Amino acid sequence: MRRLLTQFIVLSVGAVALVGLGGVSTLLAPRHPDASAVVDTTSLTTVRAQLADAQRELERARQILEFSGRYSIAGDLSAQIYDNAVAEGIPASVGFQLVKVESEFQNAAQSSASAIGLTQLRLATARGYDATVNPSDLMNPTVNLRLGFRYLKDLLERFDHNLPLALEAYNKGPTFVSAEQDQGRDVEGRYSKAVIGGMRKRG
């Protein structure tokens, strides 16, 4: 946590410095440039790109710290959940609440249904994405989060980005949810409400 806080402070200072540098470049730009006084536009573009990178890193650090405090979890775990959710195109708030509901952030969690790790992924499901994965791999937070969030991403695409349905499919299986839909039954239940409701309470 201290390391993340230090990174956040350093990035903040760096962003401010880059903003200042960009302002200086603008002030130094001549109002009526001629051949002898042309602003180095390449340098200005580089500064702006660096500023954009610094702002993105600053926002990442801010959100990681925020989720860490919100869920009372270690900064490194918060960073792993955040980065893997973003990488798989899952809203970070969904990723964090799913992990809370599934495992209470316990990396070694195992269920009676043989679900493993932070996202409580079953081995058969995980092997649909990586045939070489084994049960001990699913206790590796990076592997577990990457595969669990990728599975949720695929479910969102399968169910037309309907979050409650995708969450119910994550919990009950997509085949079951599709069958229930075909029979005109209301599929949304306690699981999706626990995830979405928890996000709202903590939002």
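Taking the Kirkwood radius as the inverse of the mean 1/r across Cα pairs, report the Rg/Rh of region 89-203. Reported Rg/Rh, Kirkwood definition of Rh: 0.96. Modelled label positions at V86 and D186, each set 7 Å beyond Cα in the direction of Cβ, lie 3.8 nm from each other.
Remark: the T45-E157 segment gains 36.6 nm on full extension, using 0.36 nm per residue and subtracting the alpha carbon distance.
Placing unit charges on each Cβ (+1 for Lys and Arg, -1 for Asp and Glu) gives region 46-203 a dipole about its Cα centre, and among L77, F176, Y129 the Cα reaching farthest toward its positive end belongs to L77.
Put simply, when 58-69, 112-123 are sorted by average Cβ atoms within 10 angstrom per residue, most first, you get 112-123, 58-69.
Since every read-out is calculated from the coordinates, none of them should be taken as a lab result. Keep in mind it's a predicted model, so treat the numbers as computed, not measured. Positions of Cβ are backbone-derived with ideal geometry, glycine not excepted, and every protein chain shown enters the neighbour counts.
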